[in-house]
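In what follows, a single structure is set out as structure tokens and then discussed.
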Amino acid sequence: MQLVLEYFELILFVVLLALGYSVGRVREKRHYQSIRRREAELAGVLAFGIRFPPDPNAPRECVLVTGSVVVSSDYFKQFVAGLRTLIGGRMAAYETLLDRARREAMLRMKADAVRHGASLILNVKFESTNVGGGMRGGVPAMEVFAYGTALKPAPAPREAPRAA
Amino acid sequence: MAGPNILVSNLELVPGRRVKAHLGVVQGSTVRAKHAGKDILAGLKNIVGGELKAYTELMQEAREEAVQRMLAQAASVGANAVLNVRFATTSITAGAAEILAYGTAVVLE
């Protein structure tokens, strides 16, 4: 008991590290599975970075669609990243984190387009911001935000009704 | 993110419709701080990583508010659409972020 109290901080650190590694890894794996599944589902929704619609004269209805997610890294990744800053180089732990966030934001934007009945998104932009506490012991959290304009055929009054 | 009958788009034109008048830049912004209680929960979540849902919702609400303010400005100058809309997010201090939405107010035919 004495020993436990004496090394309490060290034990806590090891427990958090182990928890972060094991649970964080499982969660990341599950998230990637879910991302791949939904990416396959939403493959029919096309997203482009182009600024102009393919046919600028055809009347279409425009809707701004958005998707965002705030993610945080796990304890283990933070520790590894902390070590990485000593020697520099690629931070694979954070690369996957941001990759997940960006794909998630993209999927949410596509889902938003589907809700509006559109299957084409133009002028897609991404934005990432650190919304966490930063260096001063706060929670490191990154927001990734995706937005674009979804186009759908307008119910134009002059347009002849198309056969289904 | 729909406003009072004002079209919002981040394209520079609306397919099939002509821009009758440009009314200049309109913008809306909001500064939001996060809740200390939620922050503690987020701190716990931070051990295992993943999405911080409370923060995602907070940012969404803030963005919606920024867009609403931009639309109010657009309505006040008599526009019926805001084109080329962009968003900017800046973290001001630890735990607070400013969200800005801006675009060009226009009158469509």
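We did not get these values from a lab; they are worked out from the coordinates using the rules stated. All values derive from a computational prediction rather than experimental measurement. In this analysis, Cβ positions are derived from the backbone assuming ideal geometry, glycine residues included, and neighbour counts consider all displayed protein chains.
Summary of values
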| read-out | value |
| --- | --- |
| On Cα atoms only, tilt of B:53-76 relative to the major axis of chain B in degrees | 20 |
| Cβ charges +1 (Lys, Arg) and -1 (Asp, Glu), total dipole of the stretch A:43-99, debye | 200 |
| In sequence order, calculated HN-Hα J values of the stretch A:118-129 (Karplus, 6.51, -1.76, 1.60; Hz; x Gly/Pro) | 10, 9, 9, 10, 10, 6, 6, 10, 10, 9, 10, 9 |
| 10 Å Cβ neighbours from other chains, averaged over peptide A:12-25 | 2 |
| Degrees between helix A:92-115 axis and first principal axis of chain A (Cα, 0 to 90, nearest 10) | 30 |
| Overall form of the stretch A:68-130 per C-alpha gyration tensor (a/c, 1.5; a/b vs b/c) | prolate |
| Which of A:Phe8, A:Leu46, A:Val26, positive extreme of dipole for the stretch A:2-153 (C-beta unit charges) | A:Leu46 |
| Estimated distance in nm for a label pair at A:Thr96 and B:Val77, the labels positioned 7 Å out from Cα along Cα-to-Cβ | 4.8 |
| Nearest 10 degrees, 0 to 90: helix A:8-41 Cα axis against chain A principal axis | 20 |
| Computed FRET value (nearest 0.05) for A:Phe126 with A:Val15, which takes r as the C-beta separation and R₀ as 30 Å | 0.25 |
| Residue order, fewest to most beta carbons within 10 Å, for B:Leu52, A:Leu83, A:Leu107, A:Leu98 | A:Leu83, A:Leu98, A:Leu107, B:Leu52 |
| Reciprocal mean inverse distance between Cα atoms of chain A - Kirkwood radius, Å | 18.9 |
| Whole-Hz couplings from phi, Karplus 6.51/-1.76/1.60, listed for the stretch B:24-35; x for Gly and Pro | x, 7, 10, 8, x, 9, 8, 10, 10, 10, 8, 6 |
| Pairwise Lys count, the protein assembly as shown - Cα closer than 16 Å, eight or more residues apart or different chains | 8 |
| Table column - 3J(HN,Hα) (Hz), the stretch A:67-73, Karplus curve with 6.51, -1.76, 1.60, x for Gly and Pro | x, 8, 8, 10, 10, 10, 8 |
| Order of A:Ile121, B:Ile92 - criterion: other Cβ atoms within 10 Å of each residue's Cβ, fewest first | B:Ile92, A:Ile121 |
| The stretch B:23-73: C-alpha gyration tensor shape, a/c 1.5 cut-off, then a/b vs b/c | prolate |
| Fewest-first ranking of B:Arg18, B:Arg86, using other Cβ atoms within 10 Å as the exposure measure | B:Arg18, B:Arg86 |
| Residue with peak Gaussian network fluctuation, chain B [Cα springs, cutoff 10 Å], from B:Gly95, B:Gly43, B:Gly24 | B:Gly43 |
